[in-house]
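A short write-up of the structure that comes next.
The values are calculated or read from the model by the stated rules, or taken from the named source; none is laboratory data. These numbers come from a predicted model, not from an experiment. Counting neighbours? That spans all protein chains shown, and the Cβs are built from the backbone with ideal geometry, glycine included.
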Amino acid sequence: MAAGAPTMHASAVLVGAKAVLIRGPAGSGKSLLVWNLLQAAAQGALPFARLVADDRVHHDSHAGRLLVRPAPALAGLIEIHGLGIRQMAFEAVAAVGLVVDLAAPDGARLPAAEAGKATISGVTLPRLAVAAGMAALPLVLATLRTNPN
């Protein structure tokens, strides 16, 4: 990734071969969803998951893929509500396969087709819009299991 790549307030976790990029307003549960995905892999519900970044993500497009990496000062750190900042193993870079928007105003029981896509840095990706108050983990697991990357 080029030096000075743009950043966004988001988190990312590598699940299998592709990353899940998690966006949302402060307090929407981005870090909690990352932790839940890591725990789902530890319990066998996912084949593999590893932290990429929590809170701040650098992103860049390369060869039609959206690549994400942690901000250097935050690499390997995750905030666990009630425990504080913890350090853990992380991936230095990953290609995004799914964008999850938490507390999304267009999150719906039967979402419109256009809600299923996000374009970031010129790369269009599958998107899951999760309405405020909805449990994100079951929706993300269902998306990953029914729409493999």
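Listing for the model above:
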{"quantity": "Unique residue being part of a loop (DSSP other than H, G, I, E, B), closer than 22 Å to residue 146 by Cβ, modelled with pLDDT under 95 and of a type in the set (A, V, I, L, M, F, W, C) when the list is 115, 108", "calculated": "108"}
{"quantity": "In segment 118-138, the residues that are under 28 Å from residue 6 (Cα atoms) and outside any strand (DSSP E or B)", "calculated": "121, 122, 131, 132, 136, 137"}
{"quantity": "Failed item, numbered, when residue 5 is tested on (1) crowded, with 20+ Cβ neighbours inside 10 Å; (2) touching a residue at least 24 places away in the same chain (Cβ under 8 Å)", "calculated": "(1)"}
{"quantity": "Qualifying residue in segment 22-36 (condition: part of a helix (DSSP H, G or I), hydrophobic (A, V, I, L, M, F, W, C), closer than 19 Å to residue 147 by Cα and in contact (Cβ under 8 Å) with a residue 60 or more places away in the chain)", "calculated": "yes"}
{"quantity": "Candidate set: segment 113-136, residues that are in contact (Cβ under 8 Å) with a residue 24 or more places away in the chain and more than 14 Å from residue 23 (Cα to Cα); chosen: the one surrounded by the fewest Cβ atoms within 10 Å (Cβ to Cβ)", "calculated": "122"}
{"quantity": "Lone unmet requirement of (1) at pLDDT below 95; (2) over 27 Å from residue 134 (Cα atoms) for residue 29", "calculated": "(2)"}
